[in-house]
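Student: Got a structure for you, written out below as structure tokens; questions coming shortly.
The values are calculated or read from the model by the stated rules, or taken from the named source; none is laboratory data. All values reported here derive from a predicted model rather than from experimental measurement. Cβ sites come from the backbone with ideal geometry, for glycine too, and all protein chains shown count toward neighbours. With ligands, DNA and RNA removed, areas are computed over all heavy atoms of the protein, side chains included. Shrake-Rupley method; radii C 1.70, N 1.55, O 1.52, S 1.80 Å.
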Amino acid sequence: GRTCIAAASSRAMDDPPSTGPDDLSPQCLGLIISLLTAQDCASVSCVQSSWRDAAGDDLLWRTYLRTDWAQTTPTGPRGQQLTSHRAAYLTWAEEFKGPIRACVRRAVVAWQNIKGWCDDRSHMLSASLLPGVDEAAIASAATRLGVPLPPALAALYRLHDGQALQWDLQFDAQKNVPGAAERLSAFKKAQSVRSNAQATQDRAEAMGLESEEDSDEEFGGAPHPSIFHGIFGGYCVYDHLCVTRMLPLERACWWTQVLKMQGKLDVRRRCMVIAASFNFKKLFVVDLDNADILVNSRPEYLLACPSTGTGDGVLRWFEEYGKRLQGGWYNIELLDADFPSSKAISLFPRVSPSMTCAVTRGVRVCATTLFAPEVSDAGRTMFTYSIRFSLLTEEQQQGLIDETLTQSDVGPPPAIISNSLMGAAPALPGRSPMVTALSSSPAASNHSNTESGFGGGATGSNVGTVNRENKQTGLSRVPGGVVRRCQLVTRHWVIKNAAGQQTDEVRGEGVVGKYPVLVPGGPEFVYQSCTHQAGPSGAMEGDFKFVEGTIAHREGPEWDVRCPLFQLQIPSYIY
């Protein structure tokens with residue numbers, strides 16, 4: 001037996017079966033090649049014909065195209081449709097060579113998030129984005145600035161060359177920027193002959209936006225609604241309007257040189273302005289030596305994105321903004337209710353923990369804050385805040401009343417329960433666990449002061465009636481237990497420093513000179529104001545006194561509606 005086994009083994013050793021690459025099935029060969037990178041796949045296709053056939057499978061290149069260039073269809077860098085995924089991949093590879101290649105996929109995804117969000121919500125924003133520049137334009141900018149553009153910044157401009165907005169073109173023409181008059185003329189001509197002008201107008205009207213060729217209505221000296229169409233959003237507090245757009249590369253170079261001559265940029269810093277408000281009061285600047293992005297403040301510029309030393313700060317800033325848009329952080333809203341053309345991306349966050357909300361006896365209050373670097377100074381850090389009021393529907397109020405009465409059978413409910421909300425829909429679903437905070441107990445305080453800063457703007461609405469109150473729970477009982485109309489009477493704020501110590505207190509009539517009336521399920525009343533801190537952080541909380549009915553026709557008692565604590569803090573990412 002051993003002899004037979006040995007002989008068999010000997011024969012096996014002397015005559016092993018053939019296992020060459022030609023013996024692999026096409027499926028097996030394809031599986032092996034799919035584990036390679038696109039570059040290695042291209043290399044093995046040169047070895048022999050069977051490998052070339054397997055490496056040329058377009059399904060394989062579809063995966064490579066998605067993995068390396070974030071494209072799901074055979075589309076080139078300029079949006080051109082190509083015959084195959086392999087052809088598309090090779091076109092991208094030819095377009096982006098050298099150090100820039102490592103940044104392109106991330107830049108593509110960031111732009112997809114930003115432009116995709118704009119496509120769904122505002123044609124004006126989406127249509128303002130220009131096609132990317134070519135390699136020659138990047139080289140020209142480097143020559144003008146005296147320093148090469150970092151790959152992270154070059155990749156962003158190669159995909160989209162900022163925004164073309166009529167107000168900016170008019171502004172540049174008035175400032176005698178070279179070529180601005182010609183670009184303005186070409187822009188207006190292009191606007192007048194667009195084949196889809198009517199569709200654009202319909203979309204604009206649906207969004208509540210004006211067409212670019214409509215209205216020369218002025219706002220704080222700015223003659224055109226396109227001042228509100230900056231892709232990086234903004235805010236308006238009293239007469240301080242700030243909406244940030246991305247500058248085209250040529251415009252960015254010119255204004256960088258002008259701002260340095262004006263002393264608004266450090267001439268010793270090798271940098272370029274890439275985004276600014278329409279009046280250049282707010283500036284975002286990229287350090288061309290390390291690709292960090294900074295925002296103007298006093299006494300010195302601040303990092304708008306954490307510096308990691310990886311040479312991609314501006315790209316991480318773009319990526320974070322795209323993620324925030326897709327994550328519901330920001331909405332398109334009227335920045336000022338008095339100007340219908342002021343619809344823009346509002347930078348007041350609409351997600352927790354940046355937004356805090358509470359409900360007190362049916363009145364819902366949400367607070368969110370925003371750092372204002374362009375008006376901050378040494379020892380005076382400015383914060384704007386937005387407060388939103390709404391009155392729950394009668395069904396929602398009744399659900400909370402029933403819940404509170406049930407709780408009273410096993411013990412008294414807490415006076416006020418607050419909760420941060422993920423987002424801020426105009427109305428909450430009935431009996432949502434996030435709708436908490438029921439109270440009629442007043443807040444204690446004994447002195448008043450005044451708000452400081454540059455102010456607010458608001459919108460509101462009215463209608464309705466109310467009934468009697470139950471002495472035990474502070475809530476109106478069924479059937480007249482819901483609040484059918486109420487009006488804000490006074491405000492009360494407590495301002496704290498980073499250590500939690502009270503530094504100021506504010507008491508006053510109404511809010512920004514208004515006394516909003518709320519009705520169940522009606523529109524929110526929104527206003528903005530501001531405060532300041534001596535240091536980089538602090539907090540605020542307070543309450544608002546409401547009366548059932550109206551101030552002129554009281555139909556029930558007054559009660560205090562709590563605004564939960566919200567933080568005043570310079571964020572890691574500044575927009």
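Student: Conditions first: (1) over 23 Å from W69 (Cα atoms); (2) buried (at least 18 other Cβ atoms within 10 Å of the Cβ). L145 passes all but one, so which condition is the exception?
Tutor: Unmet for L145, out of (1) over 23 Å from W69 (Cα atoms); (2) buried (at least 18 other Cβ atoms within 10 Å of the Cβ): (2).
Student: With respect to A102, determine if the residue is assigned to a helix (DSSP H, G or I), among the small types (G, A, S), open to solvent by 30 Å² or more (accessible area, probe 1.4 Å) and at negative phi.
Tutor: On the way: assigned to a helix (DSSP H, G or I): yes; among the small types (G, A, S): yes; open to solvent by 30 Å² or more (accessible area, probe 1.4 Å): yes; at negative phi: yes.
Yes: the conditions hold for A102.
Student: A further question follows. Against the definition (among the hydrophobic types (A, V, I, L, M, F, W, C), modelled with pLDDT under 85 and surrounded by 10 or more Cβ atoms within 10 Å (Cβ to Cβ)), how does A38 come out, yes or no?
Tutor: Numbers: among the hydrophobic types (A, V, I, L, M, F, W, C): yes; modelled with pLDDT under 85: no; surrounded by 10 or more Cβ atoms within 10 Å (Cβ to Cβ): yes.
No: the conditions fail for A38.
Student: Out of the stretch 158-181, which residues are touching a Gly at 6+ places or on another chain (Cβ under 7 Å) and surrounded by fewer than 22 Cβ atoms within 10 Å (Cβ to Cβ)?
Tutor: L159, H160
Student: Could you name every one of the strands (runs of 3 or more DSSP E) located completely within the stretch 216-298 that has at least 1 residues being among the hydroxyl-bearing types (S, T, Y), without any contact (Cβ under 8 Å) to a residue 12 or more places away in the chain and within 27 Å of G322 (Cβ to Cβ)? Step through it out loud before you land on a result.
Tutor: Numbers: elements: 234-237, 240-246, 271-277, 283-287, 293-295.
Qualifying strands (runs of 3 or more DSSP E): none found.
Student: Just to verify a result, which residue in the stretch 113-142, among those that are polar (S, T, N, Q) and either surrounded by fewer than 17 Cβ atoms within 10 Å (Cβ to Cβ) or free of Cβ contacts under 8 Å to residues at least 12 places away in the same chain (or both), is farthest from D168 (Cα to Cα)? Can you show your working first?
Tutor: Residues of the stretch 113-142 polar (S, T, N, Q): 113, 122, 126, 128, 140.
Right, trim to either surrounded by fewer than 17 Cβ atoms within 10 Å (Cβ to Cβ) or free of Cβ contacts under 8 Å to residues at least 12 places away in the same chain (or both) and you get 126, 140.
Working: S126: 16, S140: 22 Å.
Residue satisfying both the conditions and the ranking: S140.
Student: Just checking: which of the strands (runs of 3 or more DSSP E) contained wholly in the stretch 339-412 hold 3 or more residues that are of a type in the set (V, I, T)? Walk me through it before giving the result.
Tutor: Values: elements: 343-346, 355-360, 363-371, 381-391.
Filter on the stretch 339-412 gives 355-360, 363-371, 381-391.
Student: Inside the stretch 127-154, can you point out the residues that are within 25 Å of K260 (Cα to Cα), assigned to a helix (DSSP H, G or I) and of a type outside the set (S, T, N, Q)?
Tutor: Across the stretch 127-154, the qualifying residues are A136, A137, I138, A139, A141, A142, R144, L145, P151, A152, L153, A154.
Student: Kindly check whether there is at least one residue in the stretch 309-321 that is open to solvent by less than 30 Å² (accessible area, probe 1.4 Å), of a type in the set (D, E) and either closer than 22 Å to H229 by Cα or not in a helix (DSSP H, G or I) (or both).
Tutor: First pass over the stretch 309-321, keeping only residues open to solvent by less than 30 Å² (accessible area, probe 1.4 Å): 312-315, 317-318, 321.
Those left that are additionally of a type in the set (D, E): 312.
Applying the additional criterion that residues be either closer than 22 Å to H229 by Cα or not in a helix (DSSP H, G or I) (or both) yields 312.
Yes, the stretch 309-321 contains at least one residue that is open to solvent by less than 30 Å² (accessible area, probe 1.4 Å), of a type in the set (D, E) and either closer than 22 Å to H229 by Cα or not in a helix (DSSP H, G or I) (or both).
Student: OK, next. Identify all residues within the stretch 231-279 that are more than 21 Å from A152 (Cβ to Cβ), crowded, with 17+ Cβ neighbours inside 10 Å and in contact with a strand residue (DSSP E or B) (Cβ under 9 Å, 6 or more places away or on another chain); write none if there are none.
Tutor: Passing the criteria: G233, G234, Y235, C236, V237, H240, L241, C242, V243, L259, S277, F278.
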